[in-house]
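Asker: Sharing a structure here in structure tokens format.
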2 protein chains.
Amino acid sequence: MRELIERLHEGLPTAAVLTDPDVTASYAHDMASFSEAGAPAVVVLPRTVEQVQHVMRTATALRVPVVPQGARTGLSGAANASDGCIVLSLVRMDRILEIDPVDRIAVVEPGVVNAVLSRAVAEQGLYYPPDPSSWEQCTIGGNIGTGAGGLCCVKYGVTAEYVLGLEVVLADGRLLNTGRRTAKGVAGYDLTRLFVGAEGTLGIVVKAVLALRPAPPRQLVLAAEFPSTAAACAAVCEIMARGHAPSLLELMDTTTIRAVNDLAQMGLPETTEALLLAAFDTPDPAADLAAVGELCTAAGATQVVPADDAAESEMLLQARRLALVALERVGTATMIDDVCVPRAQLAPMIEGVAAIARKYELTIGMCAHAGDGNTHPIVCFDGADADESARARESFDEIMALGLSLGGTITGEHGVGLLKKEWLARELGPVGVELQRGVRQVFDPLNLLNPGKLF
Amino acid sequence: MRELIERLHEGLPTAAVLTDPDVTASYAHDMASFSEAGAPAVVVLPRTVEQVQHVMRTATALRVPVVPQGARTGLSGAANASDGCIVLSLVRMDRILEIDPVDRIAVVEPGVVNAVLSRAVAEQGLYYPPDPSSWEQCTIGGNIGTGAGGLCCVKYGVTAEYVLGLEVVLADGRLLNTGRRTAKGVAGYDLTRLFVGAEGTLGIVVKAVLALRPAPPRQLVLAAEFPSTAAACAAVCEIMARGHAPSLLELMDTTTIRAVNDLAQMGLPETTEALLLAAFDTPDPAADLAAVGELCTAAGATQVVPADDAAESEMLLQARRLALVALERVGTATMIDDVCVPRAQLAPMIEGVAAIARKYELTIGMCAHAGDGNTHPIVCFDGADADESARARESFDEIMALGLSLGGTITGEHGVGLLKKEWLARELGPVGVELQRGVRQVFDPLNLLNPGKLF
């Protein structure tokens with residue numbers, strides 16, 4: 001332990017090595033529930049690639065595990081410390097190195113906050129789509145590690161689709177460059193993509209080349225009220241089957257609507273079983289909203305309200321953005337699940353979750369990136385009540401089992417971390433797990449990088 | 001050898017095992033120049049996953065290398081046989097298993113021809129973008145193996161972006177499922193993407209879940225003539241920097257224009273140094289073409305001709321499609337390169353290639369997916385002339401060196417195969433090669449899958 005700290009100091013400024021247990025304890029975990037977290041031996045906050053290399057060389061020499069961290073807004077425990085580990089926080093490597101409108105790329109350090117990058121590129125008429133709810137806090141490095149998504153994904157895809165190339169410090173401190181800064185490239189295996197969603201188990205991302213898009217027109221939003229979640233899901237399927245390209249297609253159930261009203265007095269219609277929000281950032285969003293409104297009506301919507309302008313649109317989106325915070329007030333604790341199913345299975349998924357809520361006598365609010373089939377059932381419970389907590393955990397698992405039985409995945413955008421390790425093995429099967437372990441072994445033969453995460 | 005054939009027959013119908021040397025010789029190579037090809041021991045043509053598993057189990061038991069093949073339209077020798085190998089042709093596994101407009105996916109076997117799939121999904125109002133020049137012959141399995149691109153990539157990206165999930169027969173005959181059929185998913189390392197562009201070295205793809213898009217409006221094309229390639233490249237940069245989203249942005253130099261005229265009497269303007277073709281499949285393509293036409297004029301275009309309708313557009317595209325065939329008539333042999341550079345480096349790249357042509361006293365026609373920075377310099381030479389052939393090979397290598405020096409990659413969409421093995425090592429560097437080898441070893445510990453390709 002003393003040797004570890006001394007050696008770290010040899011390549012890091014004093015202020016970049018934190019050992020006060022009160023301080024290091026605050027780096028122990030991310031925002032996941034039900035995920036154990038240990039006490040780090042030390043927290044390091046490098047500012048340069050060389051400093052990260054020094055940390056990894058030291059870790060390798062002394063065989064100390066390393067847990068990489070961004071803003072710790074993750075929801076699966078992937079950033080949780082283990083006892084005696086080095087927490088490697090990348091938040092001080094927060095420079096935007098380049099924004100290039102011709103090649104439509106940005107080159108960034110991992111600690112850049114998502115919203116900071118989004119605003120910086122917007123100033124140049126460009127757009128970095130991935131927009132997880134935590135976008136004002138979360139870092140690009142964390143987004144890459146977890147494979148983060150957001151509201152935009154139905155049209156613009158997830159973080160993985162925007163990572164063109166990486167600079168990575170390997171477990172032994174060597175530097176690896178992957179990918180490219182060109183629009184295309186197929187030179188060898190796609191190691192870049194392997195790092196996205198790898199939760200820091202393959203190496204430490206110290207630089208990323210990100211693809212950007214031209215900024216789209218401002219989006220216009222429509223709200224549609226449905227008498228059942230099944231009717232809302234039917235509308236979603238119809239919208240997608242007809243070839244529409246909404247920039248957002250979100251669903252909230254009545255539990256969520258009530259929670260949002262309680263929090264913010266928004267006057268959302270509480271007799272509605274499901275509220276669907278659709279948005280378009282096309283050249284003529286009003287026309288697209290009108291067409292989608294008709295499909296909603298045909299699917300049984302009782303009310304269809306297109307926003308007239310950006311301000312009205314923003315108000316409707318506000319309701320969706322408040323959903324998680326609002327549901328957190330229902331119990332003393334929440335678990336947010338992240339099961340993604342084929343769109344056609346969205347209705348059985350949502351109905352199945354409602355049945356699970358009844359079975360376990362729990363409040364489970366349903367928010368969904370409906371256009372992606374990506375559900376976020378939010379289990380609300382009293383964390384001080386052991387029995388209710390146990391039921392919450394069981395319901396959470398049953399939701400994943402349901403998702404897999406419907407041809408879905410246990411995680412659309414939040415990752416595996418500690419929370420879903422067992423479930424990852426079920427989804428991948430023994431052959432898949434064996435190969436994934438083999439790949440991990442190639443990059444981290446001493447098992448020092450975020451050990452215990454993923455599998 | 002006799003044991004190999006006997007064992008293969010145990011799990012394959014007679015007609016699926018070809019041993020006549022005259023027949024098997026016709027499976028020896030793809031369309032790459034300067035790439036050696038050996039004599040296969042046997043060619044197998046399975047129709048089912050079980051038959052592929054039988055082939056791989058046999059190969060593993062007898063330690064016989066396996067070379068997977070699609071339509072052999074590849075341009076890097078990745079499908080070339082080695083002496084005594086099993087050629088595993090997937091062309092008879094050619095069923096489209098599913099097209100789902102709600103989830104916007106197709107599920108296909110590897111032998112489905114690209115154009116067959118494209119037409120089948122178009123009938124349902126859907127679009128499978130990747131469109132390599134060989135699209136009427138090439139297979140989806142081959143497209144996945146090589147990471148194929150096409151004209152569409154500037155707007156719609158490459159094959160990799162459309163592969164959601166795979167079923168793969170491993171070297172030892174076991175079955176692996178990767179990825180998903182949902183819109184999103186981050187469960188574990190992205191092994192799906194690892195197989196794209198792997199040239200069959202990691203496993204045999206026997207089924208693919210492909211993402212589809214809604215069919216866009218029909219594209220409208222504009223042709224612009226420039227007094228220099230530099231001016232045309234400046235227009236390309238300006239078009240992209242201004243946020244336009246052309247569905248095609250292609251450049252042909254004067255050598256290519258003349259060859260096309262010689263072949264097809266198209267009456268293209270031969271005094272023009274560079275012809276730029278831009279297309280839009282937006283809701284109002286005429287307006288987009290007008291805006292782009294103005295940018296071309298500002299960049300120095302001497303003539304800007306927007307097509308009035310689909311027929312005129314098709315005629316303009318025909319010129320581009322004929323380019324390779326036309327240049328093949330210039331010498332007795334051609335080598336087509338595939339260097340992709342950042343867009344801002346396109347002008348120096350093209351000028352550098354012209355200088356290389358002068359230095360080696362060769363005709364090198366330039367076609368480029370200009371919007372991607374992906375150049376296809378086509379070296380034309382007399383294959384019977386040893387000296388000229390040697391100069392052709394040298395110029396080909398010098399073109400790759402130039403691409404790397406400009407921050408590019410040695411291959412944008414054609415792959416590495418045999419042709420660019422040495423150059424892949426230069427691009428990846430020793431650390432990259434070491435890790436890529438490690439990954440290969442995990443999937444193919446006995447080195448039976450397309451040995452000698454990539455690295």
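Asker: Among the residues of segment A:19-33, are any open to solvent by 20 Å² or more (accessible area, probe 1.4 Å), more than 30 Å from A:Lys420 (Cβ to Cβ) and out of contact with any strand residue (DSSP E or B) (no Cβ under 7 Å at 6 or more places or on another chain)?
Answerer: Yes - at least one qualifying residue is present in segment A:19-33.
Asker: Within segment B:233-269, work out how many residues are open to solvent by 10 Å² or more (accessible area, probe 1.4 Å) and under 15 Å from B:Glu294 (Cα atoms).
Answerer: The total comes to 7.
Asker: Pick out the one residue from A:Thr302, A:Thr375, A:Thr332 that is touching a helix residue (DSSP H, G or I) at 6+ places or on another chain (Cβ under 8 Å) and of a type outside the set (Asp, Glu).
Answerer: Details: A:Thr302 fails: touching a helix residue (DSSP H, G or I) at 6+ places or on another chain (Cβ under 8 Å); A:Thr332 fails: touching a helix residue (DSSP H, G or I) at 6+ places or on another chain (Cβ under 8 Å).
Of the residues listed, the single one that is touching a helix residue (DSSP H, G or I) at 6+ places or on another chain (Cβ under 8 Å) and of a type outside the set (Asp, Glu) is A:Thr375.
Asker: Follow-up question, since we're still on this one. Can you find a residue in segment A:191-201 that is touching an Asp or Glu at 6+ places or on another chain (Cβ under 8 Å), away from every other protein chain (no Cβ under 11 Å) and open to solvent by less than 20 Å² (accessible area, probe 1.4 Å)? Lay out the reasoning, then the answer.
Answerer: Kept after step one, since they are touching an Asp or Glu at 6+ places or on another chain (Cβ under 8 Å), are these residues of segment A:191-201: A:193-194, A:196-197, A:201.
Add one more test, that the residue is away from every other protein chain (no Cβ under 11 Å), and what stays is none.
No: segment A:191-201 contains no residue that is touching an Asp or Glu at 6+ places or on another chain (Cβ under 8 Å), away from every other protein chain (no Cβ under 11 Å) and open to solvent by less than 20 Å² (accessible area, probe 1.4 Å).
Asker: Let me ask another. Search segment B:396-438 for residues being more than 10 Å from chain A (Cβ to nearest Cβ) and open to solvent by less than 10 Å² (accessible area, probe 1.4 Å), and hand back the single one that is nearest to B:Met349 (Cα to Cα).
Answerer: B:Ile399
Asker: What is the one condition in (1) of a type in the set (A, V, I, L, M); (2) open to solvent by less than 10 Å² (accessible area, probe 1.4 Å); (3) away from chain B (no Cβ under 13 Å) that A:Ala384 does not satisfy?
Answerer: It is condition (2) that A:Ala384 fails.
Asker: Look at B:Val206 and say whether it is more than 20 Å from A:Val433 (Cβ to Cβ) and either surrounded by fewer than 24 Cβ atoms within 10 Å (Cβ to Cβ) or not polar (S, T, N, Q) (or both). I'd like the intermediate steps shown before the answer.
Answerer: Numbers: more than 20 Å from A:Val433 (Cβ to Cβ): yes; either surrounded by fewer than 24 Cβ atoms within 10 Å (Cβ to Cβ) or not polar (S, T, N, Q) (or both): yes.
So B:Val206 fits the description; yes.
Asker: Tell me the residue from B:Glu398, B:Glu388, B:Glu427 that is modelled with pLDDT of 95 or more, over 23 Å from B:Ala79 (Cα atoms), among the acidic types (Asp, Glu) and touching a strand residue (DSSP E or B) at 6+ places or on another chain (Cβ under 8 Å), please.
Answerer: Values: B:Glu398 fails: touching a strand residue (DSSP E or B) at 6+ places or on another chain (Cβ under 8 Å); B:Glu427 fails: over 23 Å from B:Ala79 (Cα atoms).
Result: B:Glu388 is the single residue among B:Glu398, B:Glu388, B:Glu427 that is modelled with pLDDT of 95 or more, over 23 Å from B:Ala79 (Cα atoms), among the acidic types (Asp, Glu) and touching a strand residue (DSSP E or B) at 6+ places or on another chain (Cβ under 8 Å).
Asker: Condition first: farther than 25 Å from B:Thr201 by Cβ, open to solvent by 20 Å² or more (accessible area, probe 1.4 Å), in a helix (DSSP H, G or I) and touching a residue at least 60 places away in the same chain (Cβ under 8 Å). Now tell me which residues in segment B:114-143 satisfy that.
Answerer: If the condition is that a residue be farther than 25 Å from B:Thr201 by Cβ, open to solvent by 20 Å² or more (accessible area, probe 1.4 Å), in a helix (DSSP H, G or I) and touching a residue at least 60 places away in the same chain (Cβ under 8 Å), then B:Ala122 is the only one that fits.
Asker: Consider B:Ala171 carefully, then state whether it is outside any strand (DSSP E or B), outside the structural domain of B:Val325 (by TED's automatic domain parsing) and open to solvent by 30 Å² or more (accessible area, probe 1.4 Å). Don't jump to the end; show me each part of the working.
Answerer: On the way: outside any strand (DSSP E or B): yes; outside the structural domain of B:Val325 (by TED's automatic domain parsing): yes; open to solvent by 30 Å² or more (accessible area, probe 1.4 Å): no.
Judged against the criteria, B:Ala171 is not a match.
Asker: Looking at segment A:95-124, which of its residues are within 12 Å of chain B (Cβ to nearest Cβ) and touching a Lys or Arg at 6+ places or on another chain (Cβ under 8 Å)?
Answerer: Matches in segment A:95-124: A:Val102, A:Asp103, A:Arg104, A:Ile105, A:Val107.
Asker: Here are some conditions: (1) assigned to a loop (DSSP other than H, G, I, E, B); (2) at pLDDT 95 or above; (3) among the hydrophobic types (A, V, I, L, M, F, W, C). A:Ala61 meets all but one. Which one does it not meet?
Answerer: (1)
Asker: Sort out which residues of segment B:146-159 are within 10 Å of chain A (Cβ to nearest Cβ) and either assigned to a strand (DSSP E or B) or buried (at least 24 other Cβ atoms within 10 Å of the Cβ) (or both), and write them in order of number.
Answerer: Of everything in segment B:146-159, those that are within 10 Å of chain A (Cβ to nearest Cβ) and either assigned to a strand (DSSP E or B) or buried (at least 24 other Cβ atoms within 10 Å of the Cβ) (or both) turn out to be B:Thr146, B:Gly147, B:Ala148, B:Gly149, B:Cys153, B:Val154, B:Val158, B:Thr159.
The values are calculated or read from the model by the stated rules, or taken from the named source; none is laboratory data. Values in this document were obtained by computation on a predicted structure and should not be read as measured data. As a convention, Cβ positions derive from the backbone with ideal geometry for all residues, glycine included, and neighbour counts pool all protein chains shown. Ligands, DNA and RNA are stripped out before the accessible areas are found, and what is left, the full protein with its side chains, is counted by its heavy atoms. Shrake-Rupley method; radii C 1.70, N 1.55, O 1.52, S 1.80 Å.
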